[in-house]
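Each reported figure results from applying straightforward, stated rules to the coordinates on display, with no laboratory input. All values reported here derive from a predicted model rather than from experimental measurement. Every residue, glycine as well, gets a Cβ built from its backbone with ideal geometry; the counts of neighbours run over all protein chains shown.
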Amino acid sequence: MDSLATGVSNFRAAMLGVAYGDAWGYPNERLSYDMLTLMDLRGPKLPERLIVSDDTQMTLHLAQALDGAAGKSANELQAEILAGWLTWFHDPGMRGIGRTTRTALRALDSGAAWYRSTVVHSDACGAVMRVSPCAFLPEGLWQ
């Protein structure tokens, strides 16, 4: 398999991993470890119906904005990422948005700069869940 095909395959696997992990974890998001292992020490069973949350949706918007990143400036890329997230924020299909994300996107939507929209004191981990598309940026852009 050539490097492009390998990259596409790895990217697809990463996006599917995000979506499946999110759909598996979404119904259990706020449960304690004790509650998660109450029925089975391995954790909760895979839900019968897989539903993704804002984490998968925002990951896909980030991936879409990063597509073709090699030809874009940092400012263009930033604008595209933020525009995608704000489009999603106003989409009626948006689901499962948490308080931290809602607060940050409301600030962005009102015109605040991204660095002023950041919610510093949060116990959420959505940003970590959404960052995977950045691993596939071309050499020189992710550093």
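In this simple spin-label approximation, Q78 and S3 carry label points 7 Å from Cα along the Cα→Cβ vector, and these lie 3.0 nm apart. Sorted ascending by nearby beta carbons within 10 Å, beginning with the fewest, V120, V18, V52 become V120, V52, V18.
Each label was represented as a point 7 Å from its Cα along the Cα-to-Cβ direction; for W114 and E29 these points are 2.2 nm apart. In a fully extended conformation the segment linking R95 and Q64 would gain 9.3 nm over its present Cα-Cα distance, using 0.36 nm per residue. Between the amide H of R95 and those of D54, distances stay under 5 Å, these residues lying 5 or more places away or on another chain, with hydrogens modeled in the peptide plane. Modelled spin-label separation between F11 and H121, with each label point placed 7 Å from Cα along the Cα-to-Cβ direction: 4.0 nm. For the chain, averaging the sequence separation of C-alpha pairs within contact (under 8 Å, six or more residues apart) and dividing by the residue count gives a relative contact order of 28 percent. Between D55, D91, D109, the Gaussian network model of the chain with springs among Cα atoms under 10 angstrom shows the greatest mean-square fluctuation at D91. The local environment of R116, defined by Cβ-Cβ distances under 13 Å, has a net charge of 0 under the rule Lys, Arg +1 and Asp, Glu -1.
Calculation over all alpha carbon pairs of region 3-136 in 5 angstrom steps from 0 returns a P(r) of 2, 9, 16, 20, 19, 15, 10, 6, 3, 1, 0 percent.
Cβ-to-Cβ counts within 10 Å put T37, T6, T59 in ascending order as T6, T37, T59, the fewest first.
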